[in-house]
1. Find the centroid of the Cα atoms in the stretch 236-268 and in the stretch 108-146, then give the distance between the two in whole Å.
2. Mean 1/r over all different Cα pairs, inverted: what Kirkwood radius does the stretch 6-177 give, in Å?
3. Kirkwood hydrodynamic radius (Cα pairs, Å) of the chain?
4. Give the distance, in whole Å, between the Cα centre of the stretch 13-73 and the Cα centre of the stretch 176-203.
5. From the protein chains alone at 1.4 Å, what is the descending order of accessible area for 13, 237, largest first?
6. For the Cα atoms of the chain, what angle does the longest principal axis make with the long axis of helix 217-238, in degrees from 0 to 90, nearest 10?
7. So for the stretch 182-324, Kirkwood radius off the Cα pairs, Stokes-Einstein at 25 °C and 0.890 mPa s: how many µm² s⁻¹?
8. Report the charge-dipole magnitude of the chain in Debye, nearest 20, computed about the Cα centre from +1 at each Lys and Arg Cβ and -1 at each Asp and Glu Cβ.
Amino acid sequence: MTLKKSLLIGCGSYLPQRIVTNDELSKTVDTSDEWITKRTGIKQRHIAADGETTSDLAVNAGRDALTRAGMTVDDIDLIIVATTTPDDTFPSTATKVQAKLGMEHGAAFDIQAVCAGFIYALATADNFIKAGQARAVLVIGAETFSRILDWEDRTTCVLFGDGAGAIVLRAAEGDETESNFGVMSTHLHSDGRHRDVLYVDGGPSSSQTVGHVRMAGQEVFRHAVSKLSGVIDEALSANGLDSSTVDWLIPHQANSRIIKSMAQKMKLPEEKVVSTIDRHANTSAASVPLALTEAVIDGRVKNGDLVLFEAIGGGLVWGAGLVRIGAP
Ligand code: COA
């Protein structure tokens, strides 16, 4: 059986209206714009309005991606939502998104891989298409991380924001199959032994609470640099590529120092790295598709560009994906 191939043919995003700057945050938290900027590169974050849920953000990003792909929900047969902050413990946020989009066919499910959620969802969607089980997939990363932050813990609450990003993958057809466009490969990893460096201290089965984010920042930083560097090498060598062939590094936006260190490792100039951390902060599963969409809208990422996505999150889980954007 010849495996099918998936093309990334559209992306979209949504950010809640309210912006909270470092200065505003420092009025309620013992921190400063100087500390946050120097250690992380973050200047501000978007925060969802009261009553605005992850599925609301996801629907807006999903619609935007469908429009840019020139598609409607009728063309989609699977919705995958990567999120750590679902509206409810169940049903899945993806089924809520499905209903809000007016889609009455196909399937929808959530993926939980925290900040690597988008890479996990991309890999899953790609494999559904490769196996012929889906024709077109709406992949959304959406988070209201502000709801699981301890706003009295300055070591974590300054780092995150809310938002959603989405892409549309569809099966290549005819001559497209022979082209070099589309998802070239995805690479997923996890190591559950490192659970305690980044976790939420609650859950339905453990404490019957939602819990708050807890993190050993320096440990996470150390793991991020080594594991992301390893998975970038893996993605390039799996395709026999040198990092100089990559047009854009679109990394998870957790810390500008981690992003810079990955760019240096790949010997990529700063202009080839898409960074939104200053304005979005860490939006977990939403950060990579948010960054991609920004760079597509402002004209940096063009049809045919080779893009490397990477991300790491609590678990630990991490991964990368190499994609030639668009269609021939
Ligand atoms: N404002 C002011 N001071 C703060 C602060 C804040 N928001 N947060 C921590 N501090 C203080 C600490 O209390 C500590 O003070 P002390 O020296 O008096 O004990 C000092 O700043 C240094 O803290 P430290 O944790 O050593 O800072 P750091 O250089 O490691 O930076 C992070 C902290 C969180 C920015 C950094 O470790 C990091 O980015 N880690 C990776 C996080 C990440 O990527 N998470 C998401 C993965 S998906």
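1. Rounded to whole Å, the Cα centres lie 22 Å apart.
2. About 16.8 Å, per the Kirkwood formula over Cα pairs.
3. Working: mean 1/r = 0.0513 Å⁻¹.
Computed over Cα pairs of the chain, the Kirkwood hydrodynamic radius comes out at 19.5 Å.
4. 22
5. Details: 13 35, 237 85 Å².
Most to least solvent-accessible, the answer reads 237, 13.
6. 10
7. 155
8. Around 540 debye, computed over the chain.
The values are calculated or read from the model by the stated rules, or taken from the named source; none is laboratory data. Keep in mind it's a predicted model, so treat the numbers as computed, not measured. All Cβ positions, glycine included, derive from the backbone under ideal geometry; neighbour counts span all protein chains shown. For accessibility, only protein heavy atoms count, side chains too; no ligands or nucleic acids. Shrake-Rupley method; radii C 1.70, N 1.55, O 1.52, S 1.80 Å.
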